[in-house]
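Here is the structure we will look at, set down as structure tokens.
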Amino acid sequence: MKHVLIIGPQASGKTLLSNLLIKEKKGEIVSGRLLHMTFTNLEFRNFEFLRKDTETVVFDELPLTLLPEMRRFASYGFNVNKKGEKPFTVSPQLIITCGIPAELLPKWIDQTFKVIDMNGRKPALEVVIALTEAYQERKETNV
């Protein structure tokens, strides 16, 4: 599983952790709140900020209503249409932060994402191990 969903209450370190992860990779950070307010249907969204070499995309504070779309992007990637360039598809690792409790997550989530619950029940070492494993799996599938 190459994608990560970090859940937990406000001020639990979700955004900090995702920002640390993105610094190690060629990636982009997208505000989930802004995405939700701006686009009602992500299918028509032009992800022109992505590059062909984008390894990771962080969707920070993504609303629960957009998780099904993220599942689709995790499976099929993003179609990118930039002016003056040939359209391409990129399939980066997704790191999503979401402030919802674990009991509200859809049942399919574990099939697509490694879920890390930051509400204090898991020690920090487990979080680091889970993220390292997800990163290693991503590297192995790209070799």
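All of the numbers you see were taken from the coordinates with simple rules; none came from a lab. Since the model is a prediction, treat every value here as computed from it, not as a measurement. We place every Cβ from the backbone using ideal geometry, glycine too, and count neighbours over all the protein chains shown.
Rank these for me by crowding, D60, D117, going from fewest to most other beta carbons within 10 Å.
Working: D60 21, D117 17.
Going from sparsest to densest Cβ surroundings: D117, D60.
Arranged by the count of other C-beta atoms within 10 angstrom, fewest first, what order do F47, F88 take? Let's see the in-between values first.
Details: F47 19, F88 14.
Going from sparsest to densest Cβ surroundings: F88, F47.
So how do L16, L50 line up by other beta-carbon neighbours within 10 Å, fewest first? Please report the intermediate quantities before stating the final value.
Values: L16 12, L50 21.
The most exposed by this proxy come first: L16, L50.
Which peptide among 93-99, 67-73, 8-14 comes first, and what is the full order, when sorted by highest mean count of other Cβ atoms within 10 Å? Write down the numbers at each step before the final one.
Numbers: 93-99: 23.4, 67-73: 17.3, 8-14: 15.4.
Per-residue Cβ counts within 10 Å, averaged per peptide and sorted highest first, yield 93-99, 67-73, 8-14.
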